[in-house]
Amino acid sequence: MQENQDSIFQDIPELQRVESRKEGTRREIKSYVLRTSYIRTFQVEAVKRYYPLYGIPFESRPLDFSKVFGNDNPVIIEIGFGMGTATERIARERSQYNYLCLEVFLSGFAKLLDAVGRNALANVRLMRFDAVEVLRNMILDGSVAGFHIFFPDPWPKKRQQKRRLIQPDFARLLAQKLAEGGYIYCVTDWEEYAYQMLDVFADTPGLVNPFGGFCPPVTWRDTTKFEQKGLAKAHPINEVWVEKR
Ligand SMILES: C[S@@+](CC[C@H](N)C(=O)[O-])C[C@H]1O[C@@H](n2cnc3c(N)ncnc32)[C@H](O)[C@@H]1O
C-alpha cells in the first residue's frame, strides 16, 4: 500500500502538498486548496482508494490496452471529461468499449474516479495528464476506436485561439492514432469553433465526414456541465463526427 501511495503522490503532487501540511483546523481537514480550486475530502479519499485500481500513471512508453483493461475490446479515448457525468453514462450504456479518460483538472478527475470506483466500472481507466503527451508517448498508431472531445475550451479571444485543441497538428495526431473505421466525435457550443473543427478535419488526410457538415445529435451522449452553461446562454450546440477511412 505504501508503494501505491507513493506512486499516487508522484502522479498527483497536489495531494502530497496537502498531506504534508499541518491539518490544525477543521477547514483544512475538510477542504484542499488547489491553486484556485478545492477538492473535497471524499475526492482525496477516492484518489487514495481508487487510483491504484483505475488510475494510470504517465510513462514514456506505449500502453498495452489488453493488459490495462484485461480484454481486447475496442478503446475509446475521451479528452477533457470535466466532471465526467457524460463519461459515466456512456461507459455504462456502451459497455462493449473500453474508455481511457484524460483530464488535467484534479477536482473533476477525482469526481469521476470516485464514481468509477464506487460503481466498479471495469471498462474505464483514468489518466491525469496532458492528452497531447499521452497520445504522443503512450498510444500506438492505428490502435484507437474513437475519440470523444466534448466542449473543449473555446479560447474565444483571437490571441488565445492558438491554445485550442482542435488544430491541424492535433487532428493529424488523432488521425494517426485511430484504427481504420475509427471515429472522432466532438461537440461544442462555440459556433465559430465548430466551423473550425469541420475545416480542420476536412483538411486532415485520412479523415472523412460522412455527414458532409454537422452530424445530428448523438442519442447516447448526456448533457455535460459545459453544455448546460452554453445552453443557458442560448448558444447553439454543434456536433462533429468524422471517420478514418
Ligand atoms: C470546457 S471543459 C469541458 C469539460 C467537459 N467535457 C464538459 O463538457 O463539461 C474542457 C476540459 O478539458 C480539459 N483539458 C483541456 N486541455 C486538456 C489536455 N491537453 N489534456 C487533458 N485535459 C484537457 C480541461 O481541464 C477542462 O476540464
- Item | Residues satisfying the stated conditions in region 151-164, i.e. within 12 Å of the ligand (Cβ to nearest atom) and either surrounded by 18 or more Cβ atoms within 10 Å (Cβ to Cβ) or of a type in the set (D, E, K, R) (or both) | 151, 152, 153, 154, 163, 164
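Quick grid of which residues meet (1) among the acidic types (Asp, Glu); (2) assigned to a strand (DSSP E or B); (3) under 23 Å from residue 238 (Cα atoms); (4) more than 13 Å from the ligand (Cβ to nearest atom):
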site: 107; (1), (2), (3), (4): no, no, no, no
site: 110; (1), (2), (3), (4): no, no, no, no
site: 114; (1), (2), (3), (4): yes, no, no, yes
site: 120; (1), (2), (3), (4): no, no, no, yes
site: 126; (1), (2), (3), (4): no, yes, no, no
site: 136; (1), (2), (3), (4): no, no, no, no
site: 146; (1), (2), (3), (4): no, yes, yes, yes
site: 149; (1), (2), (3), (4): no, yes, yes, no
site: 166; (1), (2), (3), (4): no, no, yes, no
- Query: Could you list, in sequence order, the residues of region 188-215 that are part of a loop (DSSP other than H, G, I, E, B) and more than 22 Å from residue 178 (Cβ to Cβ)?
  - Reply: 189, 190
- Query: For residues in region 229-245 being closer than 18 Å to residue 201 by Cβ and not aliphatic (A, V, I, L, M), which is farthest from the chain's Cα centre (by Cα)?
  - Reply: 245
- Of the conditions (1) farther than 23 Å from residue 231 by Cβ; (2) within 12 Å of the ligand (Cβ to nearest atom), the single one that residue 87 does not satisfy is (1)
- Query: Which residues, counting only those in region 59-73, are loosely packed, with under 15 Cβ neighbours inside 10 Å and either of a type in the set (D, E, K, R) or closer than 14 Å to residue 102 by Cβ (or both)?
  - Reply: 59, 61, 64, 67, 68, 72
- Message: Condition (residue is more than 11 Å from the ligand (Cβ to nearest atom) and surrounded by fewer than 22 Cβ atoms within 10 Å (Cβ to Cβ)) applied to region 97-105: is it met by at least one residue?
- Response: yes
- Item | Single residue of 218, 242 found to be surrounded by fewer than 15 Cβ atoms within 10 Å (Cβ to Cβ) and either in contact with a helix residue (DSSP H, G or I) (Cβ under 7 Å, 6 or more places away or on another chain) or part of a loop (DSSP other than H, G, I, E, B) (or both) | 218
- Item | Scan of region 30-83 for residues that are at pLDDT 95 or above, in contact with a strand residue (DSSP E or B) (Cβ under 7 Å, 6 or more places away or on another chain) and either more than 21 Å from residue 146 (Cα to Cα) or assigned to a helix (DSSP H, G or I) (or both), ordered by number | 54, 65, 68, 69
- Task: Taking only region 129-150 into account, find how many residues are in contact with a helix residue (DSSP H, G or I) (Cβ under 6 Å, 6 or more places away or on another chain) and without any contact (Cβ under 8 Å) to a residue 40 or more places away in the chain.
- Result: 1
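The values are calculated or read from the model by the stated rules, or taken from the named source; none is laboratory data. As the structure is a computational prediction, the values presented were derived from the model and not from experiment. Every residue, glycine as well, gets a Cβ built from its backbone with ideal geometry; the counts of neighbours run over all protein chains shown.
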